[in-house]
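The values are calculated or read from the model by the stated rules, or taken from the named source; none is laboratory data. All values reported here derive from a predicted model rather than from experimental measurement. FYI the Cβ positions are ideal-geometry reconstructions off the backbone, even for glycines, and counts take in every protein chain you see. All accessible areas refer to the heavy atoms of the entire protein, side chains included, with ligands and DNA or RNA removed. Shrake-Rupley method; radii C 1.70, N 1.55, O 1.52, S 1.80 Å.
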Amino acid sequence: MRYLSADVGGTFTDLVLYDDESGALTVEKLPSTAGSADAITTGIGRILQAAGQTAADVGVFVHGFTIATNALLTRSGADTVLVVTKGFRDVLEIGDQRRREIYALTEGKPPPLAARSRVVEVDERIGAFGEVVVPLESAELDRVAASVAALQPEAVAISLIFSHRDPAHEQALLAAIKRALPDVPAYLSSDVNRQIDEYARTNTTTIAAYVGPQVKRYVEELSAGLERMNLTAPLLLMRSDGGVSTPAATLENPAHMLLSGPAGGVIAGAALGRVLGASDLVTFDMGGTSADFSLIQAGEPRTTSERVVAGEPLRLPSLDIETISAGGGSIAEVDVGGALTVGPQSAGAVPGPACYQKGGNKATVTDAIAVLGILSADATLAGGLKLDVDRARDVVGNQIAKPLGLTVEAAARGIVSVSTAQMVEAVKTLSMARGCDVRQFSLLACGGAGPVFAAFIAEQLGMAEVLVPPRPGVFAANGLLMCDIRHTMLQPYPMALSAADDVRIAAQLDEMATGLDAALTRDGVAEDDRLYQLAADMRCIGQFHELPVPLPQPDGQGWLDKNKLAATFHAAHELAYGHADLDVPVEIVSLRVEAIGRMPKARFQVVGNETSEAPVPIGQRPVFLNADQGFQPCDVYRRRELRPGHLLPGPAVIVQRDSTVLVLSGQQGQMTRHGVIRIKTRSS
Amino acid sequence: MKGSNHTDPISRDVFRHQLAGIAEEMSVSLRRAAFSSIIWHMYDYACALFTPEGDMTAQADTISAQLGIMPMAFRHVAAAIPVETWQPGDVIICNDPYLGCTHTSDLVLFSPVYVDGELVAVTSTIAHHVDIGGKVPCTTAPDNLEVFAEGMIFPPLKLVENGQINAVLKAMISANVRDPRACLGDLRAQIAGCRTGERRLAELVSHYGRPQFAGLTVDCLDYTERYMRRTIEQMTDGRYEAEILTEDGLASDEPIKICVAATVAGDEIIVDFDGTSAQRDNALNCPYASTVSMVHYAVKCLVAPTLKHNQGCSRPVTVHAPEGSVLNPARPAAVSSRHFTQQAVADALLKAMLPLMPDRAAAGCQISFPSIRAGGFDDRPDRREAAPEGQQPYYIMADILGGGMGGSIHGDGMSAIDTHGGNCPLLSAEVMETISPFRVHQTALVSGSGGVGKQRGGLAMVRDYELLADKSVVGSYLQQTGPDTAPWGAFGGGPGGQARAILNPGTDRETQLGPKTVAMSLRRGDVLRLVSAGGGGWGDPDERDEDRIERDGREGYI
């Protein structure tokens, strides 16, 4: 079977075609076409031709995309009308009332996704225990539906107070609004994010409505394009939580798509780690404007239940990816006190680093690595431009070296050091917050700039090794071929554990699973490929934070051992918060069911047998890695000439089309059977 | 200012990130281990690193008002228990408002970092404890007369000695606070934060070696000082004055007056509060450490808002507050509600320095701190059913409303935010209604509450709380309720809307409450309405863009 994936980023669209019979992997990279599916259809044509295949040969097509994220980032989403309970019109304007920067007096708040004039209040009220306080009368339903229709929205979000306890009022409103506006997508907070706390739930629901129409348009355009080229394989879309979903399921809650882009890299990282026996990993994906980090523990990517995307709180499960604004385009400056700062401003893709000759005139991280000789002076950039090292020397010299009284090379090395320090501290904080010691972890580097910086970061963090996959520039696209279909459902179930009835809980879980089973049937997942994972969100009575605790599969009365469940909760609490109080009674907050539809997956292929021969460098060039030593001759290898078993003692530079890999002095790289460069950072 | 660098600038700049990273790690480990939502959810805590001499070298940015008191607390603690006598594994506790700390609810901890038997650094954490004993639940009450009503006072003491928690102190805490599990749980989280800092600092010292570590530390402090001084040097020398009035409403009808004069001379700023009101017979007095803290906060907002904070920020700034004034009260004046006066310190100084840094300044903002505190039995049937043995659970509920930020040269002020010194979130209505017998009838922006201007002030907010229990004891506190105390406009902008508290609005029992209403006994169905203050406007309102006026009208902001 052939698997096709397309990972669309802001700058490039990466495609991978994988043949699980021959193990052949074909890749294609082309510039993205903003907001349209053109790049994908063009790319598919090219990759099929290159691999000598036809569209009909493709069995599965998985797609990661940034349409939803960009709609939020550029505030270009749908004109959304929000419907809320009377008295809560300003739930988005007020938010959590916190400021992002504690010393900035002149900061502004981002405007809410639904403007104040596009919020409609409903006279109704559900109480804290699900009881009806103010009934929703039919005249009020008609009035609200008419008001919403008069605003001619492109999308509607409905989020009423305590709808997570009883969604009846939301459902009645949905029916009324659908009658008035049959073609406008509408989202209920009790469907999108059925959890307490009106701001988080309302904002998450509004995000779904805000990005929904663009996602819908895009998916429809893509489906039509695929049909035209006779690509009839099922289309699956990457979700933020590392699962995939069908187009129909995607449109039910498009807010699941916000991390569709970076998710693939994390999934691929976990899969590669399992193949290499490195089950604890930090994935590190560095591009032009930002660096993404995530933790993989015991082979499983970490997920988080809440995050901020483009300044907007989003409360849905997603892979735990931390993004910091450090990339190849990050601008270096010397401040009034004489300190070297790097970022957060970025030259981005345009005007870009000075050495790219696209109009950039500020010293960037990429200029620094050009000055140091890490990038090849005669490298040809995308678009046929030559790297202009002299220009890099000019800007680093004038803007950084002169004010600091350093040589150009020392200033360039300083930019790398400061940028590395920022990333190192971000990884430390991330791992501390998750309770792990990253010194036991491997660092998996991808993205264009990741393999350049990984050696520095691993050295600073005391990590044992760096892993660089065969094609770091298109690594995320691999991950898309390693996912399962996922559906999740959350149901509030407030109950002290001591008062919980296992028969009732089983009935509730069964009801939820039945709903998800229908979704898997619709997705075309065979019975044998369906899996259900059950969990309860639990907390200590009197405490605020809750934790998901796995539940066993119910198998008749007495299936739930409450003591065991409490012990599992306390163990999870210990892991998450560093302490546990076994005497404190616990309660259930909600029940969760995750339905998994197992999909066929691509595997990392063995590229050849190990050789004991030494690799032959394509040459040597002077590289400045250490201020004490200055320029040192450094072996340069070409990635595609390396074979499994080849040893690469540092300092060494490995050049390849989509990236540059750096091995520092004292480190040693080795090609593995899967074509991964595994760099040991310690001599032991 | 010290002269040449001990190390190269790159090493120093990498080191600055490393120190800040350690403070950040302390912060996440403290928060992760916290028991109470006031830490976990409301971020009411802070973490910092010090040299053995007491210079703060890095902080995690959470609550700036708390961060600013740590250096003074350090000096008092070190005077009482000399640092040379701190042993590895010790943790020192202090919360005495008259020994460099702030109100008693904020417990300050210090712990030494030893490498090869030598003291190389000190870590510190501070956290707000919901209840530390005293006259009323939640400890703070504006009508307290003396600090002795404000719960436990810890002079500098070893809470942990050689890794062992002091059993006597622990027993005393358990016997004197209303929720010992929360208090001790949060103290344990603070200790966890200190331990993280100790471990990471020791690693860093070992990495660099002690002499290099010390040299880098000095360079970091000197760099920050240089940044401050070079920026202050650009300001026009002179004496800049301002005055802010706030309501007392308890001990006197006379408002509290904060007078400030900021003198810029070369690369230094001298801040003098001469002329400020004498201390009051209530808990609105601001401990001296909090006064100093808010001065440094205000100066940093104008001089270096994005600079990583350390003691170098404070070096070019001198503070004087007359002894016996509300900003430097004498023991045993009560101080637990010092946040009202504390915010006015920042407001006054920012007003005085407005002409110096118009690019980073804003018009006056909400410093009203509208807050409700309630306690009693939650007798709602559903709560009783969920509780063990069906008894009525005792509840405590506290909420703080954000208000408007002042307009600035860059744009309209933010609406509905927690301002100077704090950064606490609003309590979710659904969470509040689940844990306490209240129903929130509205949480809304107040149209027209932003001061007019070319850039208008941010909007205030209003929240209505209906009591659903048979009865409860409720306090309602705020300030900025009159024309003399409302947020001020700048460069021709108008004042922000005034804060107010109303009982049973729109009924025949409607009552306008004063700025501080302590321990009202409310009954089922009573509604308390709190309205915060709007931000002041910036610039001539006649120069306001047509687009903005149109948007204000369309969105109902005016």
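Worth a mention:
Residue-wise test of (1) in contact with a helix residue (DSSP H, G or I) (Cβ under 9 Å, 6 or more places away or on another chain); (2) under 28 Å from A:LYS29 (Cβ atoms); (3) of a type in the set (S, T, N, Q).
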residue: A:VAL408; (1), (2), (3): yes, no, no
residue: A:SER417; (1), (2), (3): yes, no, yes
residue: A:ALA421; (1), (2), (3): yes, no, no
residue: A:LYS428; (1), (2), (3): yes, no, no
residue: A:LEU443; (1), (2), (3): yes, yes, no
residue: A:PRO451; (1), (2), (3): yes, yes, no
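- Of all residues making up region A:276-296, the number that are modelled with pLDDT under 90 and open to solvent by 60 Å² or more (accessible area, probe 1.4 Å): 1
- Residues of region A:596-613 that are of a type in the set (Gly, Ala, Ser) and open to solvent by 70 Å² or more (accessible area, probe 1.4 Å): A:SER612 alone.
- Check on B:LEU327, in a helix (DSSP H, G or I) and either open to solvent by less than 10 Å² (accessible area, probe 1.4 Å) or touching a strand residue (DSSP E or B) at 6+ places or on another chain (Cβ under 6 Å) (or both): no
- Search result, residues across region A:321-370 that are in a loop (DSSP other than H, G, I, E, B), over 14 Å from A:GLY288 (Cβ atoms), within 14 Å of chain B (Cβ to nearest Cβ) and open to solvent by 10 Å² or more (accessible area, probe 1.4 Å): A:ASP335, A:VAL336, A:GLY338
- The residue that is most open to solvent (accessible area, probe 1.4 Å), counting only those in region A:537-566 that are over 25 Å from B:THR434 (Cα atoms) and touching a residue at least 40 places away in the same chain (Cβ under 8 Å), is A:GLN557.
- Residue in region B:91-98 that is farther than 30 Å from B:CYS138 by Cβ and either within 14 Å of another protein chain (Cβ to nearest Cβ) or not aromatic (Phe, Trp, Tyr) (or both) present: no
- Some residue of region B:216-239 being part of a strand (DSSP E or B) and away from chain A (no Cβ under 14 Å): yes
- Residue in region A:404-412 that is within 14 Å of chain B (Cβ to nearest Cβ) and surrounded by 24 or more Cβ atoms within 10 Å (Cβ to Cβ) present: yes
- Verdict on A:PHE441 being touching a Pro at 6+ places or on another chain (Cβ under 7 Å) and aromatic (Phe, Trp, Tyr): no
- Selected residue (criterion: farthest from B:GLY133 (Cα to Cα)) from residues of region B:176-193 that are open to solvent by 80 Å² or more (accessible area, probe 1.4 Å) and part of a helix (DSSP H, G or I): B:ARG188
- Residues within region B:68-127 that are in contact (Cβ under 8 Å) with a residue 24 or more places away in the chain, polar (S, T, N, Q) and over 27 Å from B:SER325 (Cα atoms), tallied: 5
- Lone qualifier among A:ARG100, A:ARG89, A:ARG75 - being open to solvent by 20 Å² or more (accessible area, probe 1.4 Å), under 30 Å from B:CYS313 (Cα atoms) and not in a helix (DSSP H, G or I): A:ARG100
- Matching entry among B:ALA289, B:ALA261, B:ALA278 (being under 29 Å from B:ARG75 (Cα atoms) and open to solvent by 10 Å² or more (accessible area, probe 1.4 Å)): B:ALA278
- Among the residues making up region A:92-105, those that are within 7 Å of another protein chain (Cβ to nearest Cβ) and hydrophobic (A, V, I, L, M, F, W, C) are A:ILE94, A:ILE102, A:ALA104, A:LEU105.
- B:PRO393 at the interface with another protein chain (Cβ under 9 Å from one of its Cβ atoms) and either open to solvent by 10 Å² or more (accessible area, probe 1.4 Å) or under 20 Å from A:ASP90 (Cβ atoms) (or both): no
- Filtered residues of region B:300-324 (kept if outside any loop (DSSP other than H, G, I, E, B), of a type outside the set (Gly, Ala, Ser) and open to solvent by less than 10 Å² (accessible area, probe 1.4 Å)): B:LYS300, B:CYS301, B:LEU302, B:VAL303, B:CYS313
- Taken over region A:106-123, the criterion of being part of a loop (DSSP other than H, G, I, E, B), modelled with pLDDT of 95 or more and facing chain B (nearest Cβ under 7 Å) is satisfied by A:ALA115 alone.
- Remark: A:GLY435 matches the filter, which requires a residue to be over 20 Å from the mean Cα position of the chain (by Cα) and either surrounded by 24 or more Cβ atoms within 10 Å (Cβ to Cβ) or facing chain B (nearest Cβ under 10 Å) (or both).
- Residues that are small (Gly, Ala, Ser), part of a helix (DSSP H, G or I), under 17 Å from A:ALA248 (Cα atoms) and touching a helix residue (DSSP H, G or I) at 6+ places or on another chain (Cβ under 6 Å), drawn from region A:178-217: A:ALA208, A:GLY212
- Within the span defined as region A:377-388, every residue fails to be modelled with pLDDT under 95, open to solvent by 10 Å² or more (accessible area, probe 1.4 Å) and assigned to a helix (DSSP H, G or I).
- Applying a threshold of 7 Å to beta carbon distances and a minimum spacing of six or more residues, or different chains, the list of pairs starting in region A:23-52 at a residue that is under 18 Å from A:GLY261 (Cβ atoms) and modelled with pLDDT of 85 or more and ending at one that is open to solvent by 70 Å² or more (accessible area, probe 1.4 Å) and assigned to a helix (DSSP H, G or I) reads A:GLU28/A:ARG46; A:GLU28/A:ALA50.
- For region B:250-308, a residue qualifies if it is aromatic (Phe, Trp, Tyr) and away from chain A (no Cβ under 14 Å), and the qualifying residues are B:PHE273, B:TYR288.
- Across region A:56-75, not a single residue is classified as facing chain B (nearest Cβ under 7 Å) and modelled with pLDDT of 90 or more.
- Those residues of region A:661-684 which are open to solvent by 30 Å² or more (accessible area, probe 1.4 Å) and not basic (Lys, Arg), in sequence order: A:SER665, A:GLY666, A:GLN668, A:GLN670, A:SER683, A:SER684
- Any chance B:ASP382 is free of Cβ contacts under 8 Å to residues at least 40 places away in the same chain and surrounded by fewer than 23 Cβ atoms within 10 Å (Cβ to Cβ): yes
- Out of A:ARG643, A:ARG603, A:ARG592, A:ARG621, sole residue that is touching a residue at least 60 places away in the same chain (Cβ under 8 Å) and in a loop (DSSP other than H, G, I, E, B): A:ARG603
- Per-region count, region A:109-139, residues surrounded by fewer than 16 Cβ atoms within 10 Å (Cβ to Cβ) and within 26 Å of B:GLY535 (Cα to Cα): 3
- If the condition is being in contact with an Asp or Glu (Cβ under 9 Å, 6 or more places away or on another chain), more than 7 Å from chain A (Cβ to nearest Cβ) and modelled with pLDDT of 95 or more, then region B:421-446 contributes B:PRO437, B:PHE438, B:ARG439, B:VAL440.
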